[in-house]
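Take a look at the structure set out below.
The values are calculated or read from the model by the stated rules, or taken from the named source; none is laboratory data. As the structure is a prediction and not an experimental result, all values here were calculated from the model. Every residue, glycine among them, receives a Cβ derived from its backbone with ideal geometry; neighbour counts consider all protein chains shown.
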Amino acid sequence: MNTLNDTAVQFKQVSYSDGELQIIKNVTGTFPKGKITTLVGPSGAGKTTLFRLCNGLISPDSGEILINGKNINSYEPTELRRMAGLALQSATMLSGSVYKNLSMPLTLQGEEFSEAAAKDLLKDVGLDTDFLHRNVKDLSGGQRQKVSIARTLVNKPKILLLDEITSSLDRVSQEEIETLIKKINNNYQVTIIWITHNLQQALSIGEYTWVMMNGELVESGESSLLSHPQNDKVKHFVKGDTE
Ligand SMILES: Nc1ncnc2c1ncn2[C@@H]1O[C@H](COP(=O)(O)OP(=O)(O)OP(=O)(O)O)[C@@H](O)[C@H]1O
């Protein structure tokens with residue numbers, strides 16, 4: 001679907017097992033650079049495990065993962081975590097202020113994060129700069145998710161891995177986050193890989209889609225594939241929109 005230069009992440013016959021259980025099965029495919037690709041599939045398909053492989057939290061048993069054309073093993077772990085930011089549905093926070101949370105990626109590296117830079121990030125994610133010294137426990141779900149996204153931007157990632165980041169939000173917050181992610185993708189050419197259970201969302205926000213089932217990549221390509229899938233299992237999944 002694209003040349004190596006257009007590829008942010010490439011999987012080549014990647015398999016991963018936990019003990020006896022094979023979780024990722026011979027996955028080959030690409031995530032195009034600077035685009036939004038959604039990752040869909042029933043619960044337990046291996047989507048989150050694929051993310052953990054992408055940011056080096058776990059390593060394949062066989063096969064190869066290339067990031068920007070280089071084997072993932074050639075990056076230092078910290079370099080990889082900086083390059084590939086991860087945001088989760090739960091938007092896990094440290095107790096304390098928004099500033100403390102935004103500073104965390106740099107404090108972990110023994111660096112300082114200026115208040116001015118933190119305020120710029122808040123503006124980037126559509127939050128008022130007054131939020132900087134608010135306690136995260138007083139934020140709404142949507143506001144927490146915006147802070148969580150802002151925190152992933154501190155390291156200026158090239159790739160953002162978003163795991164179900166809108167599934168516990170109301171409709172309005174969900175739309176705000178979708179708009180925000182599109183803006184980040186546009187403004188900074190960040191490659192976005194977005195796990196979602198919401199097929200309507202997958203159709204509307206991403207140019208490309210991967211459909212995973214039972215550890216395999218069963219279909220991938222432009223998101224419109226969800227409207228007319230070729231694979232019978234995907235047809236069934238899309239029709240039932242099932243778990
Ligand atoms: N550390 C682990 N040890 C054992 N089994 C695991 C581990 N991590 C994941 N699994 C299993 O691997 C399979 C894939 O899990 P994964 O979380 O990647 O799926 P998923 O597609 O993200 O599911 P969901 O949509 O429910 O989040 C599941 O059967 C899960 O139980």
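Any chance you could count how many residues in the range 146-172 are hydrophobic (A, V, I, L, M, F, W, C) and either part of a loop (DSSP other than H, G, I, E, B) or in contact with a His (Cβ under 7 Å, 6 or more places away or on another chain) (or both)?
Residues flagged as hydrophobic (A, V, I, L, M, F, W, C) and either part of a loop (DSSP other than H, G, I, E, B) or in contact with a His (Cβ under 7 Å, 6 or more places away or on another chain) (or both) within the range 146-172 amount to 3.
Filter the range 156-173 down to the residues that are away from the ligand (no atom under 16 Å from the Cβ) and crowded, with 18+ Cβ neighbours inside 10 Å and list them by number.
Scanning the range 156-173 gives Pro157, Lys158, Ile159, Leu160, Leu169, Ser173.
Determine which member of the set Ser43, Ser62 is touching a His at 6+ places or on another chain (Cβ under 9 Å) and touching a residue at least 24 places away in the same chain (Cβ under 8 Å).
That would be Ser43, the only listed residue that is touching a His at 6+ places or on another chain (Cβ under 9 Å) and touching a residue at least 24 places away in the same chain (Cβ under 8 Å).
Of these, Leu50, Leu66, which one is more than 18 Å from Gly215 (Cα to Cα), in contact with a strand residue (DSSP E or B) (Cβ under 8 Å, 6 or more places away or on another chain) and outside any loop (DSSP other than H, G, I, E, B)?
Just a single option satisfies the conditions, and that option is Leu66.
Among (1) at negative phi; (2) surrounded by fewer than 21 Cβ atoms within 10 Å (Cβ to Cβ); (3) away from the ligand (no atom under 13 Å from the Cβ); (4) among the polar types (S, T, N, Q), where does Asn26 come up short?
Status for Asn26: all satisfied but (1).
Within the range 74-116, count every residue that is of a type outside the set (A, V, I, L, M), over 17 Å from Val147 (Cα atoms) and not in a helix (DSSP H, G or I).
Final tally of qualifying residues: 6.
Output the residues belonging to the range 73-89 that are surrounded by 14 or more Cβ atoms within 10 Å (Cβ to Cβ), in contact (Cβ under 8 Å) with a residue 24 or more places away in the chain and not basic (Lys, Arg).
Correct list: Leu80, Met83, Ala84, Gly85, Leu86, Ala87, Leu88, Gln89.
May I ask you to verify whether Lys70 is in contact (Cβ under 8 Å) with a residue 40 or more places away in the chain and more than 14 Å from the ligand (Cβ to nearest atom)?
When the stated conditions are applied, Lys70 does not pass them.
Is the range 188-198 home to any residue that is more than 13 Å from the ligand (Cβ to nearest atom), under 20 Å from Arg81 (Cβ atoms) and assigned to a strand (DSSP E or B)?
Yes, some residue in the range 188-198 is more than 13 Å from the ligand (Cβ to nearest atom), under 20 Å from Arg81 (Cβ atoms) and assigned to a strand (DSSP E or B).
In the set Leu88, Leu106, which member is of a type outside the set (Gly, Ala, Ser), touching a Phe, Trp or Tyr at 6+ places or on another chain (Cβ under 9 Å) and modelled with pLDDT under 90?
After ruling out the rest, the residue left standing is Leu106.
Given the structure, is Ser43 out of contact with any Phe, Trp or Tyr (no Cβ under 7 Å at 6 or more places or on another chain) and within 10 Å of the ligand (Cβ to nearest atom)?
Judged against the criteria, Ser43 is a match.
Please determine, by comparing only the residues of the range 59-69 that are at pLDDT 95 or above and of a type outside the set (S, T, N, Q), which one is surrounded by the most Cβ atoms within 10 Å (Cβ to Cβ).
Of everything passing the filter in the range 59-69, Ile67 is surrounded by the most Cβ atoms within 10 Å (Cβ to Cβ).
May I ask you to say which residue of Glu222, Glu216 is surrounded by fewer than 19 Cβ atoms within 10 Å (Cβ to Cβ), within 15 Å of the ligand (Cβ to nearest atom) and within 20 Å of Val40 (Cβ to Cβ)?
When all the criteria are applied, what remains is Glu216.
So if I check each of Leu162, Leu180, which one is among the aliphatic types (A, V, I, L, M) and more than 13 Å from the chain's Cα centre (by Cα)?
Values: Leu162 fails: more than 13 Å from the chain's Cα centre (by Cα).
Answer to the selection: Leu180.
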